[in-house]
Amino acid sequence: MTGDNDQSGDTLIQIFTRTPIEGEVKTRLIPKLGAHRSCELQKRMIIHTLGIAQNTSSKIEIWVTPTIDHPFLRGLNPNFQLKIQIGKTLSERMAYSLEHGLKAYKKVILIGCDCPTIDNKLLIMALSLLDKHKYVFIPVEDGGFSLIGSALFSRKIFQGVVWKGNSVMAQLRNNLKKYHQSWAELPTLWDIDEFTDFERLSRHMPHLTSNL
């Protein structure tokens, strides 16, 4: 089942995630949850994100680092295309994926798995905004973003961006203005990094955190 904005296959959703290897994902949660439970949470959020994406577009790619050779990933729906992230830095990897997607599709939405409050309605709104803008973003409370969408991508918007700290989105806005790029932003959400975020998730979406 897909949303009305599937637009005859002209839209692609790319999901960015890390391979769910114990001890290597959700590392800031490990002191409280342990490596196993933190990894299980990562798996649940991947499945949740795929479910939302699947209700929006029939074309879905899962971009993974560091490896796609993992039993959890091999067990996913074979209709989801598994791809390895290319590039040394996060900006290089996102840029490569967006450029790759836009060779075949008119609109590409790239989302991570750390923001489970992204829903089908927001994805449809993001795709709709790309009819009028080159870019669309969903900012998050820690100063970054959980979604970037593009209809015409240029690596210039990532130039000089420092990906640590709470000013990532602010730096992107400066670049978008500098290079005269049109963009839209949807309401700011929150993602899952710290244990306080996990507690918040437990209150709002307990099905993702119960019985880990």
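The values are calculated or read from the model by the stated rules, or taken from the named source; none is laboratory data. Remember, predicted model here, so these are calculated numbers, not experimental data. Note that we place each Cβ from the backbone using ideal geometry, even for glycine, and neighbour counts take in every protein chain shown.
Any idea which of (1) modelled with pLDDT of 95 or more; (2) within 26 Å of residue 211 (Cα to Cα) is the one residue 101 doesn't satisfy?
Among (1) modelled with pLDDT of 95 or more; (2) within 26 Å of residue 211 (Cα to Cα), the lone unmet condition for residue 101 is (2).
Which one of the conditions (1) among the charged types (D, E, K, R); (2) more than 29 Å from residue 40 (Cα to Cα); (3) without any contact (Cβ under 8 Å) to a residue 60 or more places away in the chain does residue 155 fail to meet, given that it meets all the rest?
Residue 155 satisfies every listed condition except (3).
Inside the stretch 59-106, can you point out the residues that are surrounded by 15 or more Cβ atoms within 10 Å (Cβ to Cβ) and of a type in the set (Val, Ile, Thr)?
Answer for the stretch 59-106, where residues must be surrounded by 15 or more Cβ atoms within 10 Å (Cβ to Cβ) and of a type in the set (Val, Ile, Thr): 60, 62, 64, 65, 68.
Which numbered condition in (1) outside any strand (DSSP E or B); (2) touching a Leu at 6+ places or on another chain (Cβ under 7 Å); (3) of a type outside the set (A, V, I, L, M) is the only one that residue 149 fails?
Only one criterion is unmet by residue 149, namely (1).
I need every pair where a residue in the stretch 199-211 that is among the hydroxyl-bearing types (Ser, Thr, Tyr) has its Cβ under 9 Å from the Cβ of a residue that is outside any helix (DSSP H, G or I) and surrounded by 14 or more Cβ atoms within 10 Å (Cβ to Cβ), sequence separation at least 6 or different chains.
202/209
Check the stretch 121-143 and report whether any residue there is within 12 Å of the chain's Cα centre (by Cα) and in a loop (DSSP other than H, G, I, E, B).
no
Are any residues in the stretch 165-212 closer than 16 Å to residue 147 by Cα, among the aliphatic types (A, V, I, L, M) and over 18 Å from the mean Cα position of the chain (by Cα), and if so, which ones?
Selection gives 170, 176.
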